[in-house]
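Have a look at the structure below, then the notes.
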Amino acid sequence: MASRAKASVRYAIARGVWSTPTVFINGSPVPKLESGSTIGDWQAVIDPLL
């Protein structure tokens, strides 16, 4: 079990995840979005990508 947990941590660190929640869109981190983000915040980030 410990080796599985360590593998998950290494995977996250390799992708730049240092805290939770960390939001990714299409594989890129989106530091503007966090747990307290509103639907408007999400729309402001996602709509230009559509």
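The values are calculated or read from the model by the stated rules, or taken from the named source; none is laboratory data. All figures in this text were calculated on a predicted structure; none of them were measured in a lab. All Cβ positions, even for glycine, are placed from backbone atoms using ideal geometry, and neighbour counts span all protein chains on display. Surface areas here come from the heavy atoms of the whole protein model, side chains and all, with no ligands, DNA or RNA. Shrake-Rupley method; radii C 1.70, N 1.55, O 1.52, S 1.80 Å.
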- Item | Which listed residue, of 3, 35, is over 13 Å from the mean Cα position of the chain (by Cα) and without any contact (Cβ under 8 Å) to a residue 24 or more places away in the chain | 3
- Note on the structure: Of the residues in region 21-30, those that are open to solvent by 70 Å² or more (accessible area, probe 1.4 Å) and within 16 Å of residue 48 (Cβ to Cβ) come to 26
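The rows are residues; the columns are (1) in a strand (DSSP E or B); (2) open to solvent by less than 80 Å² (accessible area, probe 1.4 Å); (3) at pLDDT below 85; (4) in contact with a Lys or Arg (Cβ under 9 Å, 6 or more places away or on another chain).
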residue	(1), (2), (3), (4)
4	no, no, yes, no
12	no, yes, yes, no
19	no, yes, yes, no
36	no, yes, no, no
40	no, yes, no, no
43	no, no, no, no
46	no, yes, no, no
